[in-house]
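Just below is one structure, and these are the notes that go with it.
The values are calculated or read from the model by the stated rules, or taken from the named source; none is laboratory data. This one's a predicted model, so the numbers in the text were calculated from it and none came from an experiment. Cβ placement follows ideal geometry from the backbone for every residue including glycine, while neighbour counts extend to all protein chains displayed.
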């Protein structure tokens, strides 16, 4: 109710909203419209390297909408399988993060308040150091002559090095490692608010621990599960650094494809089309995230 | 909770932390390795640190990144505080759905999409308006500010939502105009959140590779870009040395800031528990 | 002190604050529904009601945090509709006290004067004066979080009095205190407010608080004011079933008017064998449906059958709730309904006092009951 009031009488209310609003419109929303526009253009060898959508010829304004880029994405097997592979890798990584992160978040939320802050800080700390460097750390561990292979060979378990780096397996490790904190934080925020007496009430009423977890804890932390999962899944679909550094030739991820299309082939219209299709695939997860994120804040 | 089960849980927790920290420790240990091979120990040496500090390209890039991060953090804190205030206090205005969407979407938007879209915006703007001329520090700064603003806004909005709104009403009741209420009452109370927002934006900017790669130009190479091109060619103890420095610096500042914030928070929140909410 | 021009004719003492047909609608819900009310200068007026009855909304409209959907508010003859909260001669003590956590006690109290550009010397004097009034001088340089609940309340009071407002608002002033402290602070608060002489409107859901502190009480339900009166009037002469039940406990008997004279009425209830006699006239008609309210402490519990033709009942003691100073007897009538009666415990052990399962007679005087028509 006070909000309405502020809105009504606050002098310069409009300009307070206008500054961040216009910034975000100009630098976040409008760029997507431009991407959409260029995805309908054709590549040309010039700067900028794409054709204009509108043309003034024969005294008429002409629109040159070109669906070729999208047809190209559909017909070339590389793109379709990249989309599927990205969704699959992101999905499996999200599930792994959830399986590892949930018990951790639970344990932190159940620890004494004095320890809790420290434990939480230890979860956050790695994500404040460099993402790139944390991915790089795994190269030395997973390499053919890396730590794992050296250790296994020294112990005589294997004779020749396991090929781990530059496989999808390494990509899974990388994604789970890099995104785990983003799963744990919302889960923790949810679990710490959970009234412990509800669990006691459930077990008092005869529910076994596992049943209590399934019927009380899990449903009450649904918002955290969804927020955490989306925080992992959505960026993982478009991940570039991890497949580039840890993945191999067989790792087809759409973020990497887009990068190559743009930087190596310099085909901006196709890169734009790749981005638009990726966005369309991510609309539902993003709306889901937005919904639960807002719920969390209110 | 039974002792056995809580024991199990904490063993699990210990493994979780090991997973998070062992790779980082290995990375740091091998920065002191004599050998160029970062995986075989050949004796203690600090020579890679020396080499790192003689690498002019690396130093230039680091300086560039620090400058951009500082400017980004400052701008994003200002914009993000306004955005957070709007989200927490302004309720439903025309277009508030779109606004809320533009705050949450950057939190999860794949970086390649953000990077590509901003680059295309800058190119189109240059074509139409003649600005920005080429790409460089300014375009990176704009890009970083845009996505960092969303993170700062979330931090500020959640702090404002737990702030007792009657404190602001009391100030207004005693004769302070809304703008004065914001600067004299609201801002000082949420100052710790402002600080965490600033630090968050700073590290986000310092850490970004993908978006900067899209919107940078010649002469505006950031540290992650240099690291990335080096890492692509293989492991190098120099990168380990750099990583160690970054990790140590970040850990120290996070620990200091964290302890400081926790103390401020405890002091502020402890007596609040005796106050009941509104009926 | 506050730069409000005196528009219109000056208010009289009796209508210092005028609330005229004020209505507030939130998303189709009538939070406050056509309330009109006059508050006289220097009085303490309590809005009493359960949560969600609209009392807080009415208070917030007086402070200026909400604008009425329709109707108007005048304070000392000045229309408040276009005046924002920061320019109203009204100050509020908030339920949570809302002390500024980053300022000392002194700075909190000085805040209101600073907003008006009062010279620093004068501010310092005035702040000292107020801190002395609320006995908080020794804590002037403390921050709010190092104070106890009672101390914070006193600082909040000093802060809201420092500008000498024409109207002081108290929002559930005791809600943040524990029970013991509450009773002590109620009287202390009234002493301070009366010594300053400020007109005061308070909001509470606690009938004891309202009756202890206020000169007059307005009972609110569903956005409307049902009754306005002194604590005695509200308690002894409730004008409707809601007020009778909300303030104190009551026995209600439903019935019809069978004799309607200017000096008395007789009511026949289907549940009861005896008729009910009330020694005041009512504005009503023969055979109309009414309720007779009888407070438990007005009812006498005896073993003997009363002689009177009217106003007695026979029943069996179902339950006795012992409160030390008195006990409440729950007496079941043959029809099954239960009537409550106070029995004061004058003797330590009373041998012929009725006990569980005893047959007893309940009776009361003709001037004890009140006839309610709604």
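A few remarks follow.
- Failed condition for residue C:177, given (1) crowded, with 19+ Cβ neighbours inside 10 Å; (2) in contact with a helix residue (DSSP H, G or I) (Cβ under 6 Å, 6 or more places away or on another chain); (3) not in a loop (DSSP other than H, G, I, E, B): (3)
- Taken over segment B:110-140, residues that are crowded, with 23+ Cβ neighbours inside 10 Å and outside any helix (DSSP H, G or I) amount to 1.
- Qualifying residue in segment B:255-262 (condition: crowded, with 22+ Cβ neighbours inside 10 Å and in a helix (DSSP H, G or I)): no
- Identification of helices (runs of 4 or more DSSP H) wholly contained in segment A:11-101 with 3 or more residues that are closer than 20 Å to residue A:266 by Cα and at pLDDT 90 or above yields A:30-39.
- Hits in segment B:41-54 - residues which are modelled with pLDDT of 90 or more and more than 12 Å from residue B:245 (Cα to Cα): B:50, B:54
- Residue selected from segment C:20-51 under the condition within 15 Å of the chain's Cα centre (by Cα) and assigned to a loop (DSSP other than H, G, I, E, B), by the criterion farthest from the other protein chains (Cβ to nearest Cβ): C:43
- Matching residues, segment C:67-87, being closer than 23 Å to residue C:15 by Cβ, in contact with a helix residue (DSSP H, G or I) (Cβ under 7 Å, 6 or more places away or on another chain) and within 11 Å of chain B (Cβ to nearest Cβ): C:85
- Options B:81, B:104, B:72: the member that is out of contact with any strand residue (DSSP E or B) (no Cβ under 7 Å at 6 or more places or on another chain), crowded, with 21+ Cβ neighbours inside 10 Å, in contact (Cβ under 8 Å) with a residue 12 or more places away in the chain and facing another protein chain (nearest Cβ under 7 Å): B:104
- Meets criteria (outside any helix (DSSP H, G or I) and buried (at least 21 other Cβ atoms within 10 Å of the Cβ)) for residue B:176: yes
- Of the residues screened, residue B:218 is one that is away from chain C (no Cβ under 14 Å) and in a loop (DSSP other than H, G, I, E, B).
- Residue within segment B:52-62 that is part of a helix (DSSP H, G or I), in contact with a strand residue (DSSP E or B) (Cβ under 9 Å, 6 or more places away or on another chain) and surrounded by 14 or more Cβ atoms within 10 Å (Cβ to Cβ) present: no
- Condition met for residue C:122 (more than 9 Å from every other protein chain (Cβ to nearest Cβ), in a helix (DSSP H, G or I) and closer than 22 Å to residue C:188 by Cα): no
- Qualifying residues in segment C:52-66 (those that are closer than 23 Å to residue C:116 by Cβ and part of a helix (DSSP H, G or I)) - the one nearest to the other protein chains (Cβ to nearest Cβ): C:63
- Meets criteria (modelled with pLDDT under 90 and at the interface with another protein chain (Cβ under 10 Å from one of its Cβ atoms)) for residue B:232: yes
- Residues of segment A:144-160 that are surrounded by 14 or more Cβ atoms within 10 Å (Cβ to Cβ) and either touching a helix residue (DSSP H, G or I) at 6+ places or on another chain (Cβ under 7 Å) or at pLDDT 90 or above (or both): A:146, A:147, A:148.
- In the set (1) closer than 18 Å to residue A:16 by Cα; (2) at the interface with chain A (Cβ under 7 Å from one of its Cβ atoms), the condition left unmet by residue B:156 is number (2).
- Considering segment A:273-290, the residues that are at the interface with chain B (Cβ under 7 Å from one of its Cβ atoms) and under 14 Å from residue A:257 (Cβ atoms) include one that is surrounded by the most Cβ atoms within 10 Å (Cβ to Cβ), namely A:275.
- Looking across A:175, A:139, one residue alone is assigned to a helix (DSSP H, G or I), within 11 Å of chain B (Cβ to nearest Cβ) and surrounded by 15 or more Cβ atoms within 10 Å (Cβ to Cβ). It is A:139.
- No other residue among C:112, C:150, C:71 is assigned by TED's automatic domain parsing to the domain that holds residue C:205, in contact (Cβ under 8 Å) with a residue 12 or more places away in the chain and buried (at least 24 other Cβ atoms within 10 Å of the Cβ) apart from C:112.
- The residues listed here are B:171, B:143, B:201; of these, the one that is more than 11 Å from every other protein chain (Cβ to nearest Cβ), assigned to a helix (DSSP H, G or I) and either buried (at least 23 other Cβ atoms within 10 Å of the Cβ) or in contact with a strand residue (DSSP E or B) (Cβ under 9 Å, 6 or more places away or on another chain) (or both) is B:201.
- Annotation: residue B:190 fulfils all but one of (1) more than 11 Å from chain A (Cβ to nearest Cβ); (2) crowded, with 19+ Cβ neighbours inside 10 Å; (3) at pLDDT below 95; (4) farther than 30 Å from residue A:291 by Cβ; the unmet one is (4).
- Selected residue (criterion: modelled with the lowest pLDDT) from residues of segment B:88-101 that are farther than 21 Å from residue B:144 by Cα and more than 7 Å from chain A (Cβ to nearest Cβ): B:92
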